[in-house]
Structure formats: C-alpha cells, structure tokens
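The values are calculated or read from the model by the stated rules, or taken from the named source; none is laboratory data. It should be emphasised that the depicted structure is a prediction, and the values quoted were computed from it without experimental measurement. When we count neighbours, we look across all protein chains shown, and the Cβ atoms used for this are built from the backbone with ideal geometry, even at glycine. Surface areas here come from the heavy atoms of the whole protein model, side chains and all, with no ligands, DNA or RNA. Shrake-Rupley method; radii C 1.70, N 1.55, O 1.52, S 1.80 Å.
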Amino acid sequence: MPGRWPTSTPGPALAARRRRLREQLQGPALLAAGWPRPRNFPHNCHPFRAESHFLYLVGRQLPGAALWLEPGAERLYAPPPEPEARLWHGPEPSLAELEAELGLEVRPITELPRAETAATLPPQDPTAAEWLSGQLGRVVKASALPSESADVALAEALIALRLIHDDAALAQLRQAALVTCDAHRAGLRATRPGLREAQVRAQMEATIVGAGMTLAYWPIVTADGHILHAQRHDGVLAPGDLLLADVGAETPEGWAADVTRTWPVSGRFSPTQRAAYQAVHTAQAAALAAVRPGARYTDVHRASQRALLQCLLDLKLLRGSLEELLVCHAVALFYPHGVGHLLGLDVHDMEDLGDRAGYAPGRARQQNPSARYLRLDRELQPGMVVTIEPGFYQLPELLAAIEPGSALDRALDREQLARFADVKGIRIEDDVLVTDAGHEILTAALPSEVDAVESAMRG
Ligand code: GLY
Ligand code: MN
Ligand code: MN
C-alpha cells in the first residue's frame, strides 16, 4: 500500500502571502531562487533547494527563477525549459503551465529589466548573489546580513509574515513532522548492538526518502551525544551506549521538522541513564508547560533550566541552592544551548537574517553562559512554531575549564558525576505550535516518556 505522500501548497495560498507582503512594500523587490551547485562538473549537481524567502512566496523549486514584487504588481521570471533537457530529464512545465498553476504572471528570465531601485535579501547561493549584483547594480554578498535600508524593510516585512504560520504552512509542517516521527520509530526499531550508527541513520532516511521528502539538515545519529552537532556516523554501537538521533524531514517545498530522541542501544536504559533521561524529560515538560501566547521564550528557556537544575540537585550531581546555582550558571555546564528556536522553512527559521527574526526589536543576546546560545527571545504568538529541546551532556571541554575553588567547582560533585559515565549526551526535541489555547506538539505521535521509548524499540 502506498504510504504518505506530500501535497503542495495551492496557488491561492501562495498568492495570499505575496499580497500581504506587497501591502507592506514601499518599492520594488527582487528575490532569487538560486541555482543548483555543481559537485564536481557542471552537470553533476547537489540536489537543488531554492532560497527560503523565494519558496515562501512561490512554493516551487525553480532553479534560476526570480520573483519581482511591487506594491501594485507581481511577476515571476523563470528560465523556459530547454528543449534538449527534455531528452535527459523528461518534460518540465512550460512557463504558461507554471503561470496557470501558480496564478502568477510568468515571463522568461531574459525579460527581467535591470532594477537599480529594488530591494533584495542576500541569498545563501553565491551564484545568485553575483546575479543579483548585476541585476541591481550594487554589491550583494552571499550569506551576508541585509544592510541597505530598503533590504532591511523587506526583511522586516518577511519576518512579520513568516513568524506566524498560515494554514498552508502548518499543513506542510505537519507533514514533515509526521514523516519525521515515522523515521524516528524506524530508527528505534532498527537499533541493535554491533550496528554502525550509519545503519540506524539509513533506516531513518529510508523512511523520509520513501515518503517523498528529504532531510532538513545534516542528521545527527551518534553514540557521542555530547558532541552537540556530531557529523560522523561510523561508530559501532555498544550495548551500554545511548544513541542520540537528531533527524528531521523536509517537504518538497522546503518546510522542516527538527526532532531528537535518545534511546538505549540495548533496549533498556541503565539506572543512571534512566535517571538522567527523566531529568531531561522533566525539563522539557517544564518548558512545554510554559509555551502559550504572550509567554516570553526566554522564560520558557529559564523554566527548562530551573527544572533541570532541580533534578541535578536531586541526583546529587550538584550541591547548593537553586538560586546559587543559577547565579554561577551551573546549568550551562550540562545544558549549554538554548531551549530551542523558530521552525519553518529553515530548521533555524530565518537565521539568514541573523537574530533579527529570533530577537524582538530592542533585544539582543545576553552574553552569560546560561543564555548566550539562546536563538529566540520574543513573546510567543498563536501560529508560531518553535522547538523545545533541552539536553544533558557531559562536555569534557566545559568540565575541564572549571576553575579550581570557583563556585562552579564547589557546586559540582565529580564523584557522583563519574557514576553517570554511561550518559554522554541526552536531548529530547519536539516541534511545538503555539495556539490560542496554549500549544500543540506537532511531533506528539513520537513517544518521549522513558518507558514508552523502550516499548517503541520493541516495535
Ligand atoms: N537540528 C539542529 C537543532 O536542533 O537545532
Ligand atoms: Mn532544533
Ligand atoms: Mn534538532
């Protein structure tokens, strides 16, 4: 029986986004899709993934296309299908067919006039940056932050739209979330001592690819969960290991899921692994309980930190009072990152714009160890999607850097920590929609409670 298959955003929903953006524009704007990047020769390219702002407004992966917007007009410029390409790639929609599908006027890209007054946003693709520079008659750098005032205004208008997901975006995010839950279930069931991390990863990716999706980011599937963004998958799984899998699907239109689970390779958590896992789960529950409209995300972060600290006190890994531990940033020793981030077309949504999307106007990152990696500081609103992903890690670099005699040194019970040697890293990450009533966990279909994780491993 065929499984789930992604649907695409209908033309009218895309048109509504463009209309809302155009209402905010002071002048023209040009957004490029980008080009496929060759791997080793021009016809062997990395899979094409269009720039996210383009995808938000056009909803289709159209290499070499560009969207022109003005307060009173909109037009897509695209390369017409090459007759010879049909031989190799099969038929592609003509520009007229594209126009009918999208409900948007489409012209050949060669008809796009030079537009020196248009705003744009720096693309990630260097080829697109070079092309935009020629088109706009000014230097546009890839992966830079917008600096021209018209570009900043365009960024602000897009942020306002993309922060609050419309129904079509939520439909995409739900599809990505469900396939990601399936992928994690496949990983849970596939795990056995003696396999390589790559073999578990393969089962997870097979589920995603088989459901018509790709990966939203480079997957983390590792027994070295303390390496926060571990890149390798060549380790052999030992019976006493925990496996941390941070794997998320992306729909064909580019919408992401971002999910982490941590499970015992043997199928049973050891007593120390179970205790540490429950501490992270408690921290996640405390954060989730704080997710509601009007809540400041920094307070969600702090709720997870306080809950984790209390658990670490209960486990006697730390000593002192909760307030003392907060002052010396003891939590950042084991949980140095933020509780989560925005999620949408990008796994860290709109971080191409720096902290402009994540931080409300007038706010900036705090530099203390408990908050410096927090990527979001806004009041939550219905329609936002965020991740909630506390963790517990034994990070050798941070433990080695503790100054002898410092408050942190006095707070840490190293003998007790040594008993937790079989806990390198644990993270539990879910994707959460803020609703009028509070929140909805989009990835709730995947269990996270400790006994349920063990059951899921047995299938
Ligand atoms: N997968 C990257 C993150 O969780 O932020
Ligand atoms: Mn995340
Ligand atoms: Mn993640």
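Brief remarks follow.
- Selection from the range 234-252 of residues that are under 22 Å from L57 (Cα atoms) and open to solvent by 10 Å² or more (accessible area, probe 1.4 Å): E250, P252
- For the range 358-372, the criterion of a residue being within 16 Å of ligand 1 (Cβ to nearest atom) and closer than 17 Å to V152 by Cα is satisfied by at least one position.
Conditions (1) crowded, with 16+ Cβ neighbours inside 10 Å; (2) out of contact with any Lys or Arg (no Cβ under 8 Å at 6 or more places or on another chain), marked per residue:
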| site | (1), (2) |
| --- | --- |
| A128 | yes, yes |
| L145 | no, no |
| L154 | yes, yes |
| D167 | no, yes |
| A177 | yes, yes |
| A186 | yes, yes |
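- Residue in the range 207-233 that is farthest from ligand 3 (Cβ to nearest atom), counting only those that are part of a loop (DSSP other than H, G, I, E, B) and open to solvent by 70 Å² or more (accessible area, probe 1.4 Å): R232
- Residue in the range 64-83 that is open to solvent by 70 Å² or more (accessible area, probe 1.4 Å), more than 21 Å from A256 (Cβ to Cβ) and not in a loop (DSSP other than H, G, I, E, B) present: yes
- From the options A279, A257, A283, residue that is more than 18 Å from M384 (Cα to Cα), open to solvent by less than 10 Å² (accessible area, probe 1.4 Å) and within 16 Å of ligand 1 (Cβ to nearest atom): A283
- With respect to the conditions (1) crowded, with 21+ Cβ neighbours inside 10 Å; (2) assigned to a loop (DSSP other than H, G, I, E, B); (3) not aliphatic (A, V, I, L, M), G194 falls short on a single one, namely (1).
- Checking the stated criteria, A29 turns out to be within 20 Å of L353 (Cα to Cα) and in contact with a helix residue (DSSP H, G or I) (Cβ under 6 Å, 6 or more places away or on another chain).
- Among the residues of the range 428-459, those identified as outside any strand (DSSP E or B), aliphatic (A, V, I, L, M) and open to solvent by 40 Å² or more (accessible area, probe 1.4 Å) are A437, A444, A445.
- Restricting attention to the range 338-367 and to residues that are farther than 22 Å from K141 by Cβ and out of contact with any Leu (no Cβ under 8 Å at 6 or more places or on another chain), the residue that is surrounded by the fewest Cβ atoms within 10 Å (Cβ to Cβ) turns out to be G362.
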